[in-house]
Every structure is written in structure tokens, then in C-alpha cells.
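Read the structure below first, then the notes.
The values are calculated or read from the model by the stated rules, or taken from the named source; none is laboratory data. Computed from a predicted structure; not experimentally measured. Here the Cβ positions follow ideal geometry from the backbone for every residue, glycine too, while neighbour counts run over all protein chains shown. Only protein heavy atoms, including side chains, enter the accessible area calculation; ligands, DNA and RNA are left aside. Shrake-Rupley method; radii C 1.70, N 1.55, O 1.52, S 1.80 Å.
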Amino acid sequence: MPWVGITMSINLDTGKINKSAPSFKGGVQKTLTVGKGLQTAVEKAGGLSTPANRLFLGATALSIQPEIDLHNKDVDKDTQKVSAARTAAKIIAGTLTGVPIRALCIKAIDLGTCTDEKELSKLSESARKWKTMFVPTNVPIERFKNAERLLKKHKQAIGSIVALLVMLFTNFALDVPITKFLTNFFVDKVNKKEQQPEMKGGN
Amino acid sequence: MSAPSFMQKTVNYIYKHFAGNIGKMLLWTGALGWILSSLAQATGVMFNKKIPNDQKKFLIPQELADAAVNILSFIIVTKSVTKIGENLVSSGKLATPKIREFLTKYKLDPKVCTKGFNIAKEAQLNELDPKFDKEFQKAYYKFFDGVSFIASTVGSVISCNIITPILRNKFAAYRQKQDIAKDKIQKDDNMSAYEPILPAQNTIGKDNYRTVIAKVPSNGSMRV
């Protein structure tokens, strides 16, 4: 069972509580030490990939945004329905294209940011060029040997630009047509559903 | 040695200016992404023949407002929530047992709630370990990145899924009402342009009306 422990400012040598520590000001403990379970959960969340994050955000958006549009009192009922249908369509289209695009971009960047000199030495000149196409040359490659985090940040920066360039194309080529198709599909479905009870009630 | 290609120069530039400040990069690319996406979607609505014009008057402003509100709420809400989460860890207020151990070992515990205290900076500046403790660095940043991720996700959900839809709907509804009212006024103006304007001499005054009516023979109360 994960636990959250609250630590006191304890002097390890004497075992006495250090009441003069700022963290113990006014008798109120201002620090929190998380338990093993919570720590593991937090660290796993931090290790989630960008596509997984995109999927999560898409799922939360789909459960919240169309509801807000459907209950928009400032417009008539038909506009509420079309707006909610369009929002749902846009979220689905954005997630369907966004998740694989991010995954592909990350893969491409990973392939192009090899900093392992042993591996690079086994490759031909042209293969080496491809494998290091996203590695900056204004720092020695050894710099990244013990600085995984720095390389990760650099990959993120490159990734966000590559994703933006790809989006320039996919927004118009994929997102808009898929959104249009799904919007019309949802609106037709809703209209048919509303007409059916009227038809059943006929003589 | 040949001069670096344009691609290599770009990669070097990105590393130099953004690897150390990824937040700025994500803000710019996020903002551009939202603007492009909104323009594309607004274009899609414009050319969708199945959507009536009155609804387009709502959907197009809604789409444009979506980008603007998303950018603003990202800056105000998402970044702030992320910053709060990161500060909780970097100041030592929220920590794992290993981080707490490190703080106590190097007698940094009294500094934990003081202004400007940052665990990563303290550990590097004071050179508390002859070789900076890589195991601790790994453990610290693993937790730090996790809290930062959760905080930014919570901030994104609040700003993109709650604040943005509410505000963009308000703006779009306001623009729709304005456009419909403008159309109505224009329609009325066009209609009145075709009404025949009666010349003044065809109207009879009040007194003349009585005189005329008095001369009309009465048919009694019978009406067919």
C-alpha cells in the first residue's frame, strides 16, 4: 500500500527535532516525503512517451469538450449539436494523426542521434552521416556520454520542430478531411436518431 | 573539412539556444501549431457545404478563438501549474526518501524552505561530491521529470479542456449574434429599397377623411 510519509526536520546525529529549521516554522511541517509506491507511480508517469501523453490528452479532451459544447446556452440546439459533433470529430482526427506522427518523429530522431562512438566506428561514412544527422557538432560528441538528460532535451527540441513541419502538411491533408467526414457522420447519426421516434409515432 | 550544411547549422542553432531552455521552444512550436491547426480547420468549415451559414458564423469564430485562448491559457495556466510542481521538487518541499537523505547528509535541510534554494544548483555549486554524484542526479531528475510531467498534464487538461472551450464558445456566440444582426439589418435595408414610396398628394388628411366617409351611403349592419 503506497504511503505518504511526512518527515520532520530531524538532526540525524543527535536524533533531536530541529525546531529552528525553516521547514518547521510555526510548528507547521512544510515538507513532504513520498512513499515508495507513489514515487514509482510518479517516475513511471515521467517515463511515458510523447505519443502516450498525446493519447491521454486526446481521451480527456473527448470526454470533456463535446459536453461543454452540448450545454452551451448561448446558441440554439442545432448549433449546439453541430458544434459538439465537430469538436468530437476534431479531437478524434487530431489524436488519430497526432499519435502516430509523434511516434514516427521520435523514431526518426532516435535513429539520427546516435552518440555511441563504438557503434559509429563500425559504420560507413554515409551511414554514419545519417546516424548523426541530428547530433550537434558545436559540442564534442563525448559531452553526451554522461549527459543523457541534455541529449534528451536536445531531442525534444528537434522533435517539436520536426513535428511542426510535418503538421504543416498533415493539418490540411489529413486532419481537415477526417474532421469534415466525422462531423457530417455524427450530425447525420444524431438527426436520424431524432427522426426515428417521430416516424414510430405515425399512424 | 567541409563547411557544415544548412541542416547541420540548424541543428547546432537549436542545441545552442533551446536544449537548455526547452520550455521556450515548446511554447513557440505549440503556439504555431495551434494557429496553423485553427486556420486549417476554419478553412474546412468554410468549404463544408453540409453546414448551414448561420452555424458557420459560430463555428469559424469558434475555431479562431480556440487558437488564441489555447495559447493564452497555456501561458497563464499550464506553465504556472508546471512551474509550481517543479518548484516543489527543486526546493526540496516534495522529495523522495533518497533526495531527503541527500539533503540531510549534506546538511542542506535547514535551507529547504528558504527563498531561492534549488537542490540541483546547490549540489553543483558547492561541489558536495568531488565527482558530482551521478546516481543521485539520476534519482533526482527521474522524480523531478515525473512531477513536471504530471503538473503539465494537469495544467493542460484544465487550460485546453475546460477554460478554452468555455471562453471560445462565449466569443463565438457573441460574434454569431453580431453577424446575424448585421445580416438582418442589411436584409431589411434591401427590402425597404423595393417598397413603393407614395407621393404626398395621394394621402388624405384627417378632416378630409371624415368628409369623404360621410358621403358614402350606409348599407346598414348587414354584411356578406
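Miscellaneous remarks
- For the stretch A:76-99, a residue qualifies if it is basic (Lys, Arg) and more than 10 Å from chain B (Cβ to nearest Cβ), and exactly one does: A:LYS77.
- Taken over the stretch B:17-59, residues that are facing chain A (nearest Cβ under 7 Å), surrounded by 15 or more Cβ atoms within 10 Å (Cβ to Cβ) and not polar (S, T, N, Q) amount to 13.
- Considering residues of the stretch A:46-70 that are under 15 Å from the mean Cα position of the chain (by Cα) and open to solvent by less than 50 Å² (accessible area, probe 1.4 Å) only, the residue nearest to the other protein chains (Cβ to nearest Cβ): A:GLY46
- Selection within the stretch A:110-124 - within 18 Å of B:GLN8 (Cα to Cα) and either aromatic (Phe, Trp, Tyr) or part of a loop (DSSP other than H, G, I, E, B) (or both): A:GLY112, A:THR113, A:CYS114, A:THR115
- One residue stands out in the stretch A:121-174 among those that are open to solvent by 70 Å² or more (accessible area, probe 1.4 Å) and of a type in the set (S, T, N, Q): the one that is nearest to A:CYS105 (Cα to Cα), namely A:GLN156.
- Verdict on A:THR95 being surrounded by 16 or more Cβ atoms within 10 Å (Cβ to Cβ) and in contact with a Lys or Arg (Cβ under 9 Å, 6 or more places away or on another chain): yes
- Pairs meeting the criteria (first residue in the stretch B:154-180 and touching a residue at least 40 places away in the same chain (Cβ under 8 Å) and at the interface with another protein chain (Cβ under 7 Å from one of its Cβ atoms), second residue among the hydroxyl-bearing types (Ser, Thr, Tyr) and open to solvent by less than 10 Å² (accessible area, probe 1.4 Å), beta carbons under 7 Å, at least 6 apart or on different chains) are B:SER156/B:THR78.
- A:GLU148 falls short on exactly one of the conditions (1) within 13 Å of chain B (Cβ to nearest Cβ); (2) at pLDDT 85 or above, and that condition is (2).
- Residue that is nearest to B:ARG100 (Cα to Cα), among those in the stretch A:25-39 that are at pLDDT below 85, facing another protein chain (nearest Cβ under 9 Å) and open to solvent by 30 Å² or more (accessible area, probe 1.4 Å): A:LYS30
- Restricting the stretch A:125-141 to residues that are in a helix (DSSP H, G or I) and more than 30 Å from the chain's Cα centre (by Cα), the residue that is nearest to the other protein chains (Cβ to nearest Cβ): A:LYS129
- Residues of the stretch B:72-125 satisfying the condition of being touching a residue at least 40 places away in the same chain (Cβ under 8 Å), within 9 Å of chain A (Cβ to nearest Cβ) and either touching a Leu at 6+ places or on another chain (Cβ under 9 Å) or open to solvent by less than 20 Å² (accessible area, probe 1.4 Å) (or both): B:LEU88, B:LEU94, B:ALA95, B:THR96, B:ILE99
- Test: residue in the stretch B:126-147 that is open to solvent by 30 Å² or more (accessible area, probe 1.4 Å), aromatic (Phe, Trp, Tyr) and within 19 Å of A:THR60 (Cβ to Cβ): no
- Selection status of A:LYS73, open to solvent by 20 Å² or more (accessible area, probe 1.4 Å) and more than 7 Å from chain B (Cβ to nearest Cβ): yes
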